[in-house]
Amino acid sequence: MTLRNLRIFLAVADCGSMSEAAKKMHIAQPSVSGTIGEIEEQYGVRLFERLGRRLYITATGTQLREYARHILSMYDAMEQRLKNADESDMLRVGATVTVGTCILGETLKRYMSETGNQPPKVVVDNTQVIEQMLLKSELDVAVVEGKITSPDLVTQFMMNDPLALVCARDSNPFGSRKSVVLADLKDIPFILREKGSGTRDVFETAMGHINTQWVCNNSEAILRGTEMGFGMTVISRRLASDRLRSGSLVEIHVADASLERQFNIVWHKNKYLGPSLQQLIDVCAQYGRSMED
């Protein structure tokens, strides 16, 4: 088994197609199919089931995929370290939208100030996307607000993030009421984040059915649409704070639900925690504790 064989196998496993893997790796398709056949013959295993024109990875293939990802990640990290031995580490950091908007910048400033390291590369997206990037070793660490589902990822609590039920001051469906219960919201139009967002997951878990009027992957668009009276929303109180202070939005208390989620620091269980990465994790944890006090 060579590193090239592992890279070809992983490309096929990720693409679900030998032709797409060949395009991705800029090699001929017969080389791809030949490599997969060579691995299967060498170890006497079946990595993919070939049904019609589609490939389905087997249980053995799934196990090899995890080993291959880990081995290649470690090898690439070693090469990168040796090639840039005289340079500071450049970490790859993921964040979900609320985290990226409200706390990531300040956290990274603290990290750079305390360590003298250069700014990390950053990706901001929803929890599902960030989780997949961590599993594929495309990120070193992330701070997310949604639920992590993979047992291959380690999560460490950072801080709590309260959510707020808000509506436009001039389009309040509850008039002067300061408090509602979840049943009061079943017919109210809502402007929410896309599926895979931590904010939406919390609200859907509490509500069940939601009358979703708009779906946005941008918090500012959600706040603006709510402000203009197109619906209510549930959003991080941190994101809505300026509009709540100005009075363009008003918050309504939900009496029978705790609308709160956690920000968690997440990394792969097989990730080597080098000095820079451990320092960043520690800074995130310290920042979270300072915000909780």
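The values are calculated or read from the model by the stated rules, or taken from the named source; none is laboratory data. All of these numbers come straight from a predicted model, not from anything done at the bench. FYI the Cβ positions are ideal-geometry reconstructions off the backbone, even for glycines, and counts take in every protein chain you see.
Matching residues to (1) in contact with a Lys or Arg (Cβ under 6 Å, 6 or more places away or on another chain); (2) closer than 28 Å to Tyr272 by Cβ; (3) not acidic (Asp, Glu):
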residue: Phe9; (1), (2), (3): no, yes, yes
residue: Ala13; (1), (2), (3): yes, yes, yes
residue: Ser17; (1), (2), (3): no, no, yes
residue: Ala28; (1), (2), (3): no, no, yes
residue: Ser33; (1), (2), (3): no, no, yes
residue: Gly52; (1), (2), (3): no, no, yes
residue: Glu66; (1), (2), (3): no, yes, no
residue: Met74; (1), (2), (3): no, yes, yes
residue: Gln80; (1), (2), (3): no, yes, yes
- Query: So, of the residues in the range 217-247 that are assigned to a loop (DSSP other than H, G, I, E, B) and closer than 24 Å to Gly175 by Cβ, which turns out to be nearest to the chain's Cα centre (by Cα)?
  - Reply: Gly231
- Of the candidates Lys271, Lys195, the one satisfying the condition of being of a type outside the set (Ser, Thr, Tyr), assigned to a loop (DSSP other than H, G, I, E, B), in the same structural domain as Asn117 (by TED's automatic domain parsing) and crowded, with 17+ Cβ neighbours inside 10 Å is Lys271
- Task: Looking only at the range 113-128, decide whether some residue is without any contact (Cβ under 8 Å) to a residue 40 or more places away in the chain and within 20 Å of Ala240 (Cβ to Cβ).
- Result: yes
- Query: Any residue in the range 207-216 that is of a type in the set (Val, Ile, Thr) and closer than 22 Å to Gly175 by Cβ?
  - Reply: yes
- Query: Going through the range 127-138 one residue at a time, which ones are buried (at least 24 other Cβ atoms within 10 Å of the Cβ) and either more than 11 Å from the chain's Cα centre (by Cα) or under 18 Å from Tyr75 (Cα atoms) (or both)?
  - Reply: Leu134
- Return the only residue of Val250, Val283 being farther than 23 Å from Thr149 by Cβ, modelled with pLDDT of 90 or more and not in a strand (DSSP E or B). Val283
- Message: Going through Val122, Val166, Val141 one at a time, which residue ends up being surrounded by 16 or more Cβ atoms within 10 Å (Cβ to Cβ), within 30 Å of Gly229 (Cα to Cα) and under 29 Å from the mean Cα position of the chain (by Cα)?
- Response: Val166
- Task: Given the conditions (1) at pLDDT 95 or above; (2) not assigned by TED's automatic domain parsing to the domain that holds Pro275, report the number of the one that Lys109 does not fulfil.
- Result: (2)
- Message: I'd like the full set of residues that are at pLDDT below 90 and of a type in the set (Val, Ile, Thr), limited to the range 155-209.
- Response: Thr199, Val202, Thr205
- Task: Filter the range 11-60 down to residues that are among the acidic types (Asp, Glu), surrounded by 14 or more Cβ atoms within 10 Å (Cβ to Cβ), farther than 15 Å from Met1 by Cβ and free of Cβ contacts under 8 Å to residues at least 12 places away in the same chain, then give me how many there are.
- Result: 1
